[in-house]
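Asker: The structure that follows is given in the form of structure tokens.
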Amino acid sequence: MSANRSEVRALTRRLVSIPSHGDETAAGDAVESWLCAETDADVTRDRHGNVVARRGEGPSLALVGHHDVVDPDESQVVDPGGNGAANEDGPEGKGVPDGDDEDDSGGVAPEYLVEERDGRLYGRGTADMKGSLAAAMLAFRDADPAGELVFASFVGEEQGGVGARAAIDDGFAPDYAVVGEGSTNYAGDDQTDVVVAHHGRRGSTLTAHGTAAHASEPEAGENAVYRACDAVDVVRDLDAPAATVLGERVAGSLVVTEIDGGTAWNVVPERCTVTVDERTVPGERAPLERVEDVDGVTWTVDQDLPPMACDDERFADAALDAADASQPATPELVTKPHATDAGWLAAAGTTCVVCGAAEPGEAHTADESVSIDVLERCYEIYRTLATTFRP
């Protein structure tokens, strides 16, 4: 069985139309019910809300995505006043179109607006990442895998990988995984590449402690802002991390992004905080602990999203071959600046690549969109890899 353009388009529209920025339950229900109806897989919904399906036996390859989204722009939400925008204009208009999508929506106007024009679907989650999720669901149904084929749609990816981390803690451990985050137009126009490494993100706070005094007698206190400035100088002198993965160079970054200190214009500040954003790379970190060599300065890590590096060249090549067979352009192995759930999976021992429909600059925007042609392409990539790769 092979999905056609209409099927990829319709399933994407169905998923995108379902609100999932605060409560992901309805979107998870839709994914689960579709898998139960369309496949003979073992479908489970864990206590966290993750949807996992399995079929076949042997070493495992997983197609991985998430069904949560960031908060929509007000323009991406259907007018609650009932102006009819969600159900008008057919396939080139707004909302859920007439015809082949009517059954999917059950005749009920969705709360997220879905528009189609110029071969693209517009709406919250089209690019990040319900479009690729729909392609993965169809590929999971249609592939003839050599081993166990797994499908997973996680909750809480936009909150730092909450669902993926919970699933891993509960024993989710595929041997290989394709995470359907964006990799389109990274190395060239109109091509979907294969990401073999991506940044992580370590966000941390430097806290400088001093002693308050009246500003007319500064020598009576210890100025926390001055100490914070000394710590910032340490950060400025550190080299950003860098690594090489399967011949691709991954360069991180290190930057101070916020500073906050002082309580009044005439008081020597006793406390000052500095926020540092570090984009980490596989195997390397900037030695930020050196800031604690400054008197009165402490360093705390607030968030640490892991980077990803593919550790199996054979799998990367198989993914690249599948991508090459699915499009006229010549895809490449590339790196990605954004953290994804592939970082958590890789840290737990799963060999990962990232491959998906989203293009740079599409995610989290008021005019977020995805190409329907590229969704078809991703379906072919996933189905081909799941059929041809022997874990």
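Asker: Would you grab the residues whose amide H sits under 5 Å from the one on V250? Only those 5+ places off in sequence or on another chain, please, with H modelled 1.01 Å from N.
Answerer: Residues meeting the amide H criterion: A243, T244, V245.
Asker: At C229 and T273, where each label point lies 7 Å from the Cα along Cα→Cβ, what is the point-to-point distance in nanometres?
Answerer: 2.2 nm
Asker: Could you tell me what percent of the DSSP beta bridges with both partners in the chain are antiparallel, to the nearest 5?
Answerer: 75 percent
Asker: Please compute the Cα-Cα pair-distance distribution of the chain with 10 Å bins starting at 0, giving whole percents from short to long.
Answerer: 5, 22, 28, 21, 13, 8, 3, 1, 0
Asker: Along the principal axes of its C-alpha atoms, what lengths does the range 231-291 span, in descending order and rounded to whole Å?
Answerer: 56, 17, 14
Asker: Once neighbouring chains are kept in place and the probe is 1.4 Å, which whole percent of the accessible area of the range 177-250 is contributed by carbon and sulfur?
Answerer: 42 percent
Asker: At what distance in nm do the modelled label points of T330 and D73 sit from each other, each positioned 7 Å from its Cα along Cα→Cβ?
Answerer: Each label point is offset 7 Å from its Cα along the Cβ direction, giving 3.7 nm.
Asker: To continue, here is another question. Using only Cα atoms, find the angle between the long axis of helix 5-16 and the longest principal axis of the chain, and express it within 0 to 90 degrees, rounded to the nearest 10.
Answerer: In the chain, helix 5-16 runs at an angle near 40 degrees to the longest axis.
Asker: Would you calculate the convex hull of the Cα atoms in the range 156-259 and tell me its volume per residue in Å³?
Answerer: In the range 156-259, the Cα convex hull volume per residue is 186 Å³.
Asker: Between helix 224-237 and the chain, what is the angle of the helix's C-alpha long axis to the longest principal axis, kept within 0 to 90° and rounded to the nearest 10?
Answerer: Orientation of helix 224-237: about 60 degrees from the principal axis.
Asker: Could you give the size of the charge dipole of the range 235-391 about its Cα centre, using +1 on the Cβ of each K and R and -1 on the Cβ of each D and E, expressed in debye and rounded to the nearest 20?
Answerer: 280 debye
Asker: Right, here's the next one. Using a Gaussian network model of the chain whose springs link C-alpha atoms within less than 10 Å, name the residue from D341, D367, D170 with the highest mean-square fluctuation.
Answerer: Most flexible of the set in this elastic network: D170.
Asker: Explain nothing, just the number: dipole magnitude of the range 1-55 about its Cα centre with +1 on each Lys and Arg Cβ and -1 on each Asp and Glu Cβ, in debye rounded to the nearest 20. Provide the component values of the computation, followed by the final result.
Answerer: Values: 8 positive and 9 negative charges, 49 e Å.
Result for the range 1-55 is approximately 240 debye, rounded to the nearest 20.
Asker: Follow-up. Just how far, in whole angstrom, is the range 137-166 from the range 1-78 if you go by their alpha carbon centroids?
Answerer: With the range 1-78 and the range 137-166 each reduced to a Cα centre, they are spaced 9 Å.
Asker: Related question: Compare the peptides 284-297, 47-60, 153-166 by average per-residue count of other Cβ atoms within 10 angstrom and give them in order, highest first.
Answerer: 153-166, 47-60, 284-297
Asker: Here is a follow-up. Could you compute how fast the range 1-69 diffuses translationally, taking Rh as the Kirkwood radius over C-alpha pairs and applying Stokes-Einstein at 4 °C with viscosity 1.567 mPa s? Give it in µm² per second.
Answerer: It comes out at roughly 97 µm²/s.
Asker: Also, quick follow-up: Between helix 131-142 and the chain, what is the angle of the helix's C-alpha long axis to the longest principal axis, kept within 0 to 90° and rounded to the nearest 10?
Answerer: 40 degrees
Asker: Amide H neighbours of A213 under 5 Å, counting only residues 5+ apart in sequence or on other chains, H built in-plane at 1.01 Å?
Answerer: For A213, the qualifying residues are V268.
Asker: Dipole size in debye (nearest 20) for the chain around its Cα centre, Lys and Arg Cβ +1, Asp and Glu Cβ -1? It would help to have the intermediate numbers written out before the result.
Answerer: Values: 29 positive and 76 negative charges, 134 e Å.
With only Lys, Arg, Asp and Glu charged at Cβ, the dipole is about 640 debye.
The values are calculated or read from the model by the stated rules, or taken from the named source; none is laboratory data. The structure displayed is predicted, hence computed values, not measured ones. Cβ: placed from backbone, ideal geometry, glycine included. Neighbour counts: every protein chain shown. Quick note on the areas: whole protein, heavy atoms, side chains included, nothing else; ligands and nucleic acids left out. Shrake-Rupley method; radii C 1.70, N 1.55, O 1.52, S 1.80 Å.
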